[in-house]
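Here the structure comes first, spelled out in structure tokens, and everything after it is commentary.
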């Protein structure tokens, strides 16, 4: 009897392999007498079937999960290639999910932001860009994105943005690079650097970078992740909580439960007492 499915066979596709395998199991492997058990595998399977646990409702997810920081150009790196995210995410540490064919980017709340088709192995240095992720040459849109992000840094952030846009030829592009420093330094350190740069009217990326290098310590990826999680938890904890109900509201339920309890009846066995 044939003992090897692959011996002497060729397959044109995975579907063809699965089809031949199913036929071989049903008509050959499951019907032969097993050398150790001296029984047919199909008979043993029928005995064990009632005791087997069902498969989970969803297939096991084998996708790779990791974190990447959005660079000043609005991309996340993976295997020496780059994939775009909305520019307002610059400097954020975001979770990624890598499947066989896709790279999926999520927000800190695990809501999906975007997804890209992965570049094949062996390709490096490429950028996959969705047009809607970049403001392009739209100066107004670009400035509105910057105002939103620098506004999150407080009054010092807004002041620095106004200064760098007014005094630098490529001020908006430099401002995006400043936001990219959030990937390396803590938010509070960047705010202090912006305040010092504004005080001396040093409205440039290089000035902020020098101030941070002199006065702040770069944070690790682990510290960046902890900061993102902490901010997300603070948002959750600020949501309104449900107050406990007064116990009096449950009394009616208890009364109904007691009234529905049947009285014990004695069985009539035909004997008088």
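Kindly indicate whether residue 81 is under 30 Å from residue 183 (Cβ atoms), touching a helix residue (DSSP H, G or I) at 6+ places or on another chain (Cβ under 7 Å) and surrounded by 15 or more Cβ atoms within 10 Å (Cβ to Cβ). No, not satisfied.
Hand me the list of helices (runs of 4 or more DSSP H) wholly inside region 138-251 holding 1 or more residues that are under 28 Å from residue 65 (Cα atoms) and either within 29 Å of the chain's Cα centre (by Cα) or modelled with pLDDT of 90 or more (or both).
Correct list: 139-151, 171-180, 187-199, 221-237.
Per-residue answers, yes or no, for (1) in a loop (DSSP other than H, G, I, E, B); (2) more than 30 Å from residue 82 (Cα to Cα); (3) in the same structural domain as residue 108 (by TED's automatic domain parsing); (4) at pLDDT below 90:
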| site | (1), (2), (3), (4) |
| --- | --- |
| 5 | yes, yes, no, yes |
| 9 | yes, yes, no, yes |
| 25 | no, yes, no, yes |
| 30 | no, yes, no, yes |
| 33 | yes, yes, no, yes |
| 36 | yes, yes, no, yes |
| 39 | yes, yes, no, no |
| 43 | no, yes, no, no |
| 57 | yes, yes, no, yes |
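Only one of the numbered conditions (1) within 25 Å of residue 185 (Cα to Cα); (2) in a strand (DSSP E or B) is violated by residue 73, and that is (2).
The residues of region 92-143 that are without any contact (Cβ under 8 Å) to a residue 60 or more places away in the chain and in contact with a helix residue (DSSP H, G or I) (Cβ under 6 Å, 6 or more places away or on another chain), listed by number, are 135, 142.
Assess whether residue 12 counts as being within 37 Å of the chain's Cα centre (by Cα), more than 30 Å from residue 114 (Cβ to Cβ) and surrounded by 12 or more Cβ atoms within 10 Å (Cβ to Cβ). Here the answer is no, as residue 12 does not meet what is asked.
The values are calculated or read from the model by the stated rules, or taken from the named source; none is laboratory data. Quantities reported herein were computed from a predicted structural model and do not represent experimental measurements. FYI the Cβ positions are ideal-geometry reconstructions off the backbone, even for glycines, and counts take in every protein chain you see.
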